[in-house]
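**Q** Mind having a look at this structure? Questions to follow.
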Amino acid sequence: MEDPCRLYLVTPPVLPPGFADHLAAALDAGDVGCLQLRLKDAPRDAVQRAIEALMPIAQARDVAFLLNDDAALAAEMGCDGAHLGQQDGDHAGARRLLKGRILGITCHDNRHLAMQAGELGADYVAFGAFFPTTTKEATHRAPVELLEWWSEVFTVPSVAIGGITAANCGPLVRAGADFIAVVGAVWNHPEGPAAGVRAMNAAIAEAADGA
Ligand SMILES: Cc1ncc(COP(=O)(O)OP(=O)(O)O)c(N)n1
Ligand SMILES: Cc1ncsc1CCOP(=O)(O)O
Ligand SMILES: [Mg+2]
């Protein structure tokens with residue numbers, strides 16, 4: 001049997017006061033495979049403090065803790081890995097630096113980039129954005145068929161990201177995405193992040209049952 005599709009949680013771009021408690025509640029609400037710390041506008045020392053505060057919360061719950069954009073800091077701070085985009089430095093160097101840790105690479109909507117990432121030894125390839133999103137200015141739009149093609153041909157796991165909600169994730173799960181990555185669907189859920197995790201878990205499970 002194939003591994004089930006799992007939720008991949010990315011932090012909000014700015015962490016609100018009391019975020020550590022919100023994170024603990026979110027992670028205690030259901031299944032989260034991975035947490036990515038993504039603080040695009042924060043200085044390095046603030047990112048370091050956030051890692052120190054949040055990584056133990058994730059790791060205590062067996063949730064892999066990944067850092068966005070900075071493989072060197074991820075290795076230095078003992079993170080479980082890093083997520084790098086196409087503009088985030090030397091992927092081959094990052095692969096060496098993160099030996100034994102997780103390296104994920106953004107591949108947008110591009111098959112060639114995904115095959116390159118796979119050859120380089122990425123632990124997952126990320127495709128997106130699948131839907132409009134207000135979290136990031138996303139210039140690429142990935143089609144669902146990309147996930148189908150990838151999962152039929154390759155064994156490296158895929159992550160789908162961009163505007164994904166409980167209401168629209170079904171086709172991505174059925175197309176073979178290994179992880180569904182979200183920001184807004186959890187952190188902006190009207191009933192709070194724990195409810196957001198529960199809603200995403202339920203939608204993923206329902207889609208997987210029908211796959
Ligand atoms: C899981 C996941 N997928 C894609 C991205 C986007 O990475 P990148 O293209 O480097 O853009 P930024 O996130 O750095 O703005 C991601 N962070 N996570
Ligand atoms: C980081 C990132 N990369 C592509 S879209 C995106 C933002 C995802 O956020 P949301 O789930 O709120 O659309
Ligand atoms: Mg990046």
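Where a number appears in this text, it was derived from the coordinates with a stated rule and is not lab data. As the structure is a computational prediction, the values presented were derived from the model and not from experiment. Neighbour counts run over all protein chains shown; Cβ positions are idealised from the backbone, glycine included.
**Q** Of everything in region 86-120 that's in a helix (DSSP H, G or I) and within 14 Å of His140 (Cβ to Cβ), which residue is farthest from the chain's Cα centre (by Cα)?
**A** His112
**Q** Is one or more of the residues making up region 55-76 surrounded by fewer than 14 Cβ atoms within 10 Å (Cβ to Cβ) and within 16 Å of ligand 3 (Cβ to nearest atom)?
**A** Scanning region 55-76, I find no residue that is surrounded by fewer than 14 Cβ atoms within 10 Å (Cβ to Cβ) and within 16 Å of ligand 3 (Cβ to nearest atom), so the answer is no.
**Q** Assess whether Phe131 counts as being among the aromatic types (Phe, Trp, Tyr), closer than 28 Å to Ala166 by Cα, assigned to a strand (DSSP E or B) and within 16 Å of ligand 2 (Cβ to nearest atom).
**A** Considered against the rule, which asks whether it is among the aromatic types (Phe, Trp, Tyr), closer than 28 Å to Ala166 by Cα, assigned to a strand (DSSP E or B) and within 16 Å of ligand 2 (Cβ to nearest atom), Phe131 comes out as no.
**Q** Moving to a separate point now. Between a residue in region 140-154 that is exposed (fewer than 13 other Cβ atoms within 10 Å of the Cβ) and any residue that is assigned to a loop (DSSP other than H, G, I, E, B), which pairs come within a Cβ distance under 8 Å, given they are 6 or more apart or on different chains?
**A** Pro143/Asp109; Glu145/Ala175; Glu152/Gly176
**Q** Could you list, in sequence order, the residues of region 134-186 that are within 18 Å of Gly104 (Cα to Cα), within 10 Å of ligand 2 (Cβ to nearest atom), of a type in the set (Val, Ile, Thr) and not in a strand (DSSP E or B)?
**A** Val183
**Q** Follow-up question, since we're still on this one. Identify, by number, the condition in (1) surrounded by fewer than 16 Cβ atoms within 10 Å (Cβ to Cβ); (2) within 26 Å of Gly184 (Cα to Cα) that Glu119 doesn't meet.
**A** Answer for Glu119: the failing condition is (2).
**Q** In region 82-114, what residues are in contact (Cβ under 8 Å) with a residue 24 or more places away in the chain and away from ligand 2 (no atom under 16 Å from the Cβ)?
**A** Answer for region 82-114, where residues must be in contact (Cβ under 8 Å) with a residue 24 or more places away in the chain and away from ligand 2 (no atom under 16 Å from the Cβ): His91, Ala92, Arg95, Leu97, Leu98, Arg101, Ile102, Leu103, Arg111.
**Q** Name the single residue, out of those in region 1-26 being within 17 Å of Leu67 (Cβ to Cβ) and within 16 Å of the chain's Cα centre (by Cα), that is nearest to ligand 2 (Cβ to nearest atom).
**A** Among residues in region 1-26 that are within 17 Å of Leu67 (Cβ to Cβ) and within 16 Å of the chain's Cα centre (by Cα), the one nearest to ligand 2 (Cβ to nearest atom) is Val10.
**Q** From the list Met77, Met55, which residue is in contact with a Cys (Cβ under 9 Å, 6 or more places away or on another chain) and away from ligand 1 (no atom under 15 Å from the Cβ)?
**A** Residue meeting the stated conditions: Met55.
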